[in-house]
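Colleague: Take this structure, written in structure tokens, and hold onto it; I'll ask about it next.
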Amino acid sequence: MGKRVGVLMGGWGEEREISLKTGEAVVGALESRGHQVTRIFAGPGLDRALRAAELDVAFIALHGRMGEDGRVQGLLELLELPYTGSGVLASALAMDKPMAKKLFRLHNLPTPQGYRVGRDDAARALELHGDLGFPCVVKPACGGSSVGLALVHEPGELAPAVAQACRFGGSALVERFVAGREVTVGILGDKVLGSCEIATPRQGFDYDAKYKGGSRYFVPPRLSPTRVANVESLALAAYRALGCRGYGRVDLLCSDTENDVVLEVNTLPGFTPSSLLPKIAAQAGLEFAELTERILALATRDEAGITEAPAVAPVPAPEEPRRAVS
């Protein structure tokens, strides 16, 4: 029996267009598998739209802030509606890149050195930079799809790049630049699906390289089997360190000095037939509709273990004090 699935797409942020493409691809795949699919366009009134749709499960096809950061997941928890992807806390941790890096270090996972800069401190970014050196990478601290990412080569470029990144979420992450191959690892459930190397026409897998063509993809990466196994092991450890579930994609850099570092975990990666996770799945023998079905089957809610709260009686309004009769 097909399920009544609501595909959440669109959203509030700068990744809305990408989310709509992901959502339409998911709708088509789920309909081909016999599910009753309703498009749910995220925005003001989302809670009312979800209640009215009478769904069995939500497939989250949102990206970036307000969709991938735990807020929509929290709403779905309150509505007691199972949903795809990671839970509230893991989603929030993965979206906040500086916080995720702290957890990576706590689990002894290598990640580039870096620091957070708030919007109010953008003008003194060079002062905060210390001996991190150049070139360096500047990106929004909370965001995705490489929106706002910049490769900074000179001290004079730092403050403007930080100010630009702070436009997307209020703070920026500045990281040491690591030269090497960009590799992403796909994860389904709690197992590695495979990995893909991204070769771009310029340094950095930025928004244009991702969505406007020119990049080449190698599945599996052009690395030795031993190196690929190490990269995939690091990726799975990073995914687990944040408490992720369902599916995801982990981005890493494989440096020219044989060192591999974790960049970030994407809890809701791009999901069209041409996106990286489906490319990896196809190499593993999973066609797009089947991958979508597998992700849907993993939909769940956080196991909070909270007892049901009793109904609260309305508090009566206080009586007005009686006036003394003279």
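Colleague: Stretch F41-E154 to full length: gain in nm at 0.36 nm per residue minus the Cα-Cα span?
Modeller: The F41-E154 span can extend by a further 36.5 nm.
Colleague: Can you compute the modelled spin-label distance between T200 and W12, with each label point 7 Å from Cα toward Cβ, in nm?
Modeller: 2.8 nm
Colleague: Separation between the E293 and N108 pseudo-spin-labels, each 7 Å from Cα along Cα→Cβ, expressed in nm?
Modeller: My value for the distance between the label points is 4.2 nm.
Colleague: Further, regarding this structure: Tell me the Kirkwood hydrodynamic radius of the chain in angstroms, computed as one over the mean inverse distance between distinct C-alpha pairs.
Modeller: Values: mean 1/r = 0.0476 Å⁻¹.
Radius from the Kirkwood sum: 21.0 Å.
Colleague: Holding the Cα-Cα limit at 26 Å, pick out from K21/K101; K191/K279; K102/K139; K21/K279; K3/K101 the pairs that are longer than that. Don't skip to the end; give the middle numbers.
Modeller: On the way: K21/K101 30 Å; K191/K279 16 Å; K102/K139 17 Å; K21/K279 16 Å; K3/K101 38 Å.
Beyond 26 Å: K21/K101; K3/K101.
Colleague: Please list, ordered by chain and number, the residues whose modelled amide H lies under 5 Å from the amide H of T111; skip anything fewer than 5 residues away on the same chain.
Modeller: Those qualifying (amide H under 5 Å, at least 5 residues apart or on another chain) are V262.
Colleague: Could you tell me how many degrees, from 0 to 90 and to the nearest 10, lie between the Cα long axis of helix 225-241 and the main elongation axis, the longest principal axis, of the Cα atoms of the chain?
Modeller: Helix 225-241 sits at roughly 20 degrees to that axis.
Colleague: Additional query: Pull up all non-local amide H partners of L193: gap of 5 or more, or a different chain, and H-to-H distance under 5 Å with H placed in the peptide plane.
Modeller: G186, I187, L188
Colleague: For region 250-262, in order, what is each residue's ³J(HN,Hα) by Karplus, 6.51 cos²θ - 1.76 cosθ + 1.60 with θ = phi - 60°, in whole Hz (x at glycine and Pro)?
Modeller: 10, 9, 9, 10, 9, 6, 5, 9, 6, 9, 10, 10, 8
Colleague: Looking at A141, G130, P160, which one has the Cα that reaches farthest to the positive end of the dipole of region 104-162 (charges on Cβ: Lys, Arg +1; Asp, Glu -1)?
Modeller: Comparing the listed Cα positions along the dipole, A141 ranks first.
Colleague: Roughly speaking, what is the stretch gain from E80 to R216, that is 0.36 nm per residue apart minus the C-alpha to C-alpha distance, in nm to one decimal?
Modeller: Values: separation 136, 0.36 × 136 = 48.96 nm, distance 4.18 nm.
Here the segment from E80 to R216 would lengthen by 44.8 nm.
Colleague: Related question: On a 0 to 90° scale, report how tilted helix 155-166 is relative to the longest principal axis of the chain, with both axes built from alpha carbons and the result rounded to the nearest 10.
Modeller: The two axes meet at around 30 degrees.
Colleague: For M99, M9, what's the largest-to-smallest order of accessible area, 1.4 Å probe?
Modeller: Values: M99 75, M9 0 Å².
In descending accessible area the options line up as M99, M9.
Colleague: Here's another thing I want to ask about it. Assuming R0 = 41 Å, what is the FRET efficiency of T300 and E127, from their Cβ-Cβ distance, to the nearest 0.05? It would help to have the intermediate numbers written out before the result.
Modeller: Values: r = 46 Å, r/R0 = 1.13.
After rounding to 0.05, the efficiency reads 0.35.
Colleague: Let me ask something else. Note down the magnitude of the dipole of the chain about its Cα centre, charges +1 on Lys and Arg C-beta and -1 on Asp and Glu C-beta and zero elsewhere, to the nearest 20 debye.
Modeller: Values: 36 positive and 39 negative charges, 35 e Å.
For this selection, approximately 160 debye.
Colleague: So, one more: For the chain, take the longest principal axis of its alpha carbons; what is the angle in degrees between that and the long axis of helix 288-297, to the nearest 10 within 0 to 90?
Modeller: So the helix axis and the longest Cα principal axis differ by about 40 degrees.
Colleague: Enter the accessible area per residue of the chain (Å², integer; probe 1.4 Å; all protein chains in place). Walk me through the numbers on the way to the answer.
Modeller: Details: 15960 Å² over 326 residues.
Using a 1.4 Å probe on heavy atoms only, each residue of the chain averages 49 Å².
Colleague: Counting each DSSP H run of 4 or more residues in the chain as -39500 (n - 2.57), what helix-only mean residue ellipticity at 222 nm follows after dividing by all residues, to the nearest 500 deg cm²/dmol? Display every interim value, and only then the final one.
Modeller: On the way: 11 runs with 108 residues, N = 326.
One gets -9500 deg cm²/dmol as the mean residue ellipticity at 222 nm.
Colleague: Within region 112-134, find all residues whose amide N lies under 12 Å from a label point positioned 7 Å from the Cα of R176 along Cα-to-beta-carbon.
Modeller: Answer for region 112-134: 112-115, 131-134.
The values are calculated or read from the model by the stated rules, or taken from the named source; none is laboratory data. Quick caveat, the model's predicted, so the values are computed rather than measured. In this analysis, Cβ positions are derived from the backbone assuming ideal geometry, glycine residues included, and neighbour counts consider all displayed protein chains. In case anyone asks, the SASA skips ligands and DNA or RNA and just uses the protein heavy atoms, side chains included. Shrake-Rupley method; radii C 1.70, N 1.55, O 1.52, S 1.80 Å.
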